[in-house]
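Peer 1: Please find one structure pasted underneath; my questions will follow.
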Amino acid sequence: MVHLPTSPNKSLQRARLRAPLSSKPLGGMQIRRAGTEDAEAISQLIRGLARYFTLDPQGHGAEAFLKSIEPSAIKGYISASNFSYFIGHVESQLAGVVAVRDNTHLYHLFVGQEFQGQGLSSQLWQHAKTSAAAAGNRVAFTVNSTPYAVPVYERFGFKASGPRVETNGIAYVPMRLDLEASNAL
């Protein structure tokens, strides 16, 4: 059985489950569904963080991955029916992005350098998780975490499901969150 977090205002909680397209969580971040017009800014935000997930700080050897975060690729994810892609703004500045593929795989979760350490990744993750639950996922999520982000995902309840992998110029740790076992929703 999945347990939802309790809230002093249960009707507000139910409304968020029914309408996860936009919300304004604590901290002043406005989260909304991404549009193809956001692809350039999303790509720029992710590229600015690339040194945290490429083996070489300049990205040598990670060309395939870097191509996957170009604006044209991001537009494809946003347009794909099996992706849910959201962006978070603080005031008028893009602060972070989150994307879930097939309602089960956390594909992107990035927060701009200047916004890190403020709980925004948690807010984005909660929004994406709620959206996936509304679409029927009540079982599990997977993510390929950069080694740098493993502690963040562990705080979200994920556990390593395999050893660190180094391939095509990037490193990641496969992780899984079992919702039924952790009552994480």
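The values are calculated or read from the model by the stated rules, or taken from the named source; none is laboratory data. In this text the structure is predicted, and so the values were computed from the model without any measurement. Quick reminder, even Gly has a Cβ in these numbers, built from the backbone with ideal geometry, and neighbours come from all protein chains shown.
Peer 1: Of everything in the range 133-146, what is touching a Lys or Arg at 6+ places or on another chain (Cβ under 9 Å) and either within 14 Å of ARG176 (Cβ to Cβ) or modelled with pLDDT of 95 or more (or both)? Give them in sequence order. Don't jump to the end; show me each part of the working.
Peer 2: The initial filter retains those residues of the range 133-146 that are touching a Lys or Arg at 6+ places or on another chain (Cβ under 9 Å), namely 134, 137, 140-143.
Scanning the range 133-146 gives ASN137, ALA140, PHE141, THR142, VAL143.
Peer 1: Does TYR153 satisfy the criteria of being in contact (Cβ under 8 Å) with a residue 12 or more places away in the chain, closer than 20 Å to GLY59 by Cα and aromatic (Phe, Trp, Tyr)? Show your work before the answer.
Peer 2: Numbers: in contact (Cβ under 8 Å) with a residue 12 or more places away in the chain: yes; closer than 20 Å to GLY59 by Cα: no; aromatic (Phe, Trp, Tyr): yes.
Taking the combined requirement at face value, the residue does not satisfy it.
Peer 1: Can you tell me which of (1) out of contact with any helix residue (DSSP H, G or I) (no Cβ under 7 Å at 6 or more places or on another chain); (2) more than 13 Å from SER131 (Cβ to Cβ) is the one GLY112 doesn't meet?
Peer 2: (1)
Peer 1: Pick out the one residue from SER7, SER72, SER68 that is in contact with a helix residue (DSSP H, G or I) (Cβ under 8 Å, 6 or more places away or on another chain) and either under 23 Å from TYR148 (Cβ atoms) or modelled with pLDDT under 50 (or both).
Peer 2: Just a single option satisfies the conditions, and that option is SER7.
Peer 1: Specify which of the listed residues (SER122, SER92) is surrounded by fewer than 18 Cβ atoms within 10 Å (Cβ to Cβ) and within 16 Å of PHE156 (Cβ to Cβ).
Peer 2: Working: SER92 fails: within 16 Å of PHE156 (Cβ to Cβ).
Of SER122, SER92, the one residue that is surrounded by fewer than 18 Cβ atoms within 10 Å (Cβ to Cβ) and within 16 Å of PHE156 (Cβ to Cβ) is SER122.
Peer 1: Still on this structure: Being farther than 13 Å from ILE31 by Cβ and touching a residue at least 60 places away in the same chain (Cβ under 8 Å) is the filter here, so list the residues in the range 120-137 that pass it. I'd like the intermediate steps shown before the answer.
Peer 2: Pass one, the range 120-137, residues farther than 13 Å from ILE31 by Cβ: 132-137.
Passing the criteria: ALA133, ALA134.
Peer 1: A further question on this structure: Examine the range 154-172 for a residue that is at pLDDT below 95 and hydroxyl-bearing (Ser, Thr, Tyr), and state whether such a residue exists.
Peer 2: Within the range 154-172, not a single residue is at pLDDT below 95 and hydroxyl-bearing (Ser, Thr, Tyr).
Peer 1: For a quick check of your reading: which strands (runs of 3 or more DSSP E) sit entirely within the range 76-163 and have at least 3 residues that are aliphatic (A, V, I, L, M) and in contact with a strand residue (DSSP E or B) (Cβ under 8 Å, 6 or more places away or on another chain)? Can you show your working first?
Peer 2: Details: elements: 83-90, 93-101, 105-111, 140-145.
The qualifying strands (runs of 3 or more DSSP E) are 93-101, 105-111.
Peer 1: Hey, could you check the range 23-46 for residues that are modelled with pLDDT under 95 and in contact with a helix residue (DSSP H, G or I) (Cβ under 9 Å, 6 or more places away or on another chain) and say which is farthest from ALA133 (Cα to Cα)?
Peer 2: GLY27
Peer 1: Follow-up question, since we're still on this one. Can you give me the number of residues within the range 49-63 that are loosely packed, with under 13 Cβ neighbours inside 10 Å and either touching a residue at least 40 places away in the same chain (Cβ under 8 Å) or more than 17 Å from PRO147 (Cα to Cα) (or both)?
Peer 2: Step one: of the range 49-63, the residues loosely packed, with under 13 Cβ neighbours inside 10 Å are 51, 56-58, 60, 63.
Now drop any that are not either touching a residue at least 40 places away in the same chain (Cβ under 8 Å) or more than 17 Å from PRO147 (Cα to Cα) (or both), which leaves 56, 58, 60, 63.
The number of residues fulfilling the criteria is 4.
Peer 1: Quick check, is ALA80 more than 15 Å from the chain's Cα centre (by Cα), closer than 21 Å to PHE141 by Cβ, at pLDDT 95 or above and not aromatic (Phe, Trp, Tyr)? Give the derivation first.
Peer 2: Working: more than 15 Å from the chain's Cα centre (by Cα): yes; closer than 21 Å to PHE141 by Cβ: yes; at pLDDT 95 or above: yes; not aromatic (Phe, Trp, Tyr): yes.
So ALA80 passes the test.
Peer 1: Among the polar types (S, T, N, Q), out of contact with any Gly (no Cβ under 7 Å at 6 or more places or on another chain) and within 29 Å of ASP56 (Cβ to Cβ): is that true of THR146 in this structure? Give the steps one after another, and end with the answer.
Peer 2: Details: among the polar types (S, T, N, Q): yes; out of contact with any Gly (no Cβ under 7 Å at 6 or more places or on another chain): yes; within 29 Å of ASP56 (Cβ to Cβ): yes.
Here the answer is yes, as THR146 does meet what is asked.
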